[in-house]
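Data first, discussion second: the structure below is written as structure tokens.
The values are calculated or read from the model by the stated rules, or taken from the named source; none is laboratory data. Note that the coordinates shown come from a computational prediction; the quantities given were computed from them, not determined experimentally. Positions of Cβ are generated from backbone atoms using ideal geometry, with glycine treated the same way; all protein chains shown enter the neighbour counts. Remember, those area values only see protein heavy atoms, side chains included, never the ligands or the DNA or RNA. Shrake-Rupley method; radii C 1.70, N 1.55, O 1.52, S 1.80 Å.
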Amino acid sequence: ITALPAAISTGKVLQVVTATDTTFRTTTSTSFVTASNTLSVDITPASSSNKIFVIVTSISETASGRGYFTIYRDSTNLGTSTGITENRLTWNPLSMSTLDSPSSTSQLTYQVYFRNLSGTVYLNNGNTGRITAFEIEG
């Protein structure tokens, strides 16, 4: 096969926005809180049928117990929670992604949140956290 039939959509990428954060972040909160105001992107879909694909990468660690990371769209938790277990002094790669169908043409904010069950959760320690959002034609 050298080409797809015309009736099959290939899901064109319409726009890409990215943000980075190099600041060392911590939380002891047991509720999800903003991990970083700069680990956040704003994107305005061109059509309400388009989707937004979001990828987050960083380094994380927890001093005690379990930590959780997730992606929010505005005030909505998209349920992408990634957990890390206790690994004292061992930094773990953090990677999350989600394909969102916001059904909106308004500006949307995607942001990383985190929480812990006990102790402290860490993010970034000398590393660059990155969040990237892709608008995919729907």
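Checked against (1) open to solvent by 10 Å² or more (accessible area, probe 1.4 Å); (2) under 12 Å from the mean Cα position of the chain (by Cα); (3) farther than 18 Å from residue 91 by Cα, residue 54 meets all criteria but (1). The residues of region 109-133 that are crowded, with 20+ Cβ neighbours inside 10 Å and either touching a Cys at 6+ places or on another chain (Cβ under 9 Å) or among the hydrophobic types (A, V, I, L, M, F, W, C) (or both), listed by number, are 112, 114, 121, 123, 131, 133.
Which count do you get for residues in region 37-65 that are of a type in the set (Asp, Glu) and more than 16 Å from residue 15 (Cα to Cα)?
The qualifying residues number 1.
Considering only residues in region 1-21 that are at pLDDT 90 or above and polar (S, T, N, Q), the one that is nearest to residue 132 (Cα to Cα) turns out to be 18. Evaluating residue 95 against the criteria (1) outside any loop (DSSP other than H, G, I, E, B); (2) open to solvent by 40 Å² or more (accessible area, probe 1.4 Å); (3) in contact (Cβ under 8 Å) with a residue 60 or more places away in the chain leaves one unmet condition, (3). Candidates are the residues of region 98-108 that are open to solvent by less than 50 Å² (accessible area, probe 1.4 Å) and of a type in the set (Ser, Thr, Tyr); the one that is farthest from the chain's Cα centre (by Cα) is 104.
The residues of region 22-51 that are among the polar types (S, T, N, Q), modelled with pLDDT under 95, in a loop (DSSP other than H, G, I, E, B) and open to solvent by 60 Å² or more (accessible area, probe 1.4 Å), listed by number, are 22, 23, 28, 30, 31, 37, 38.
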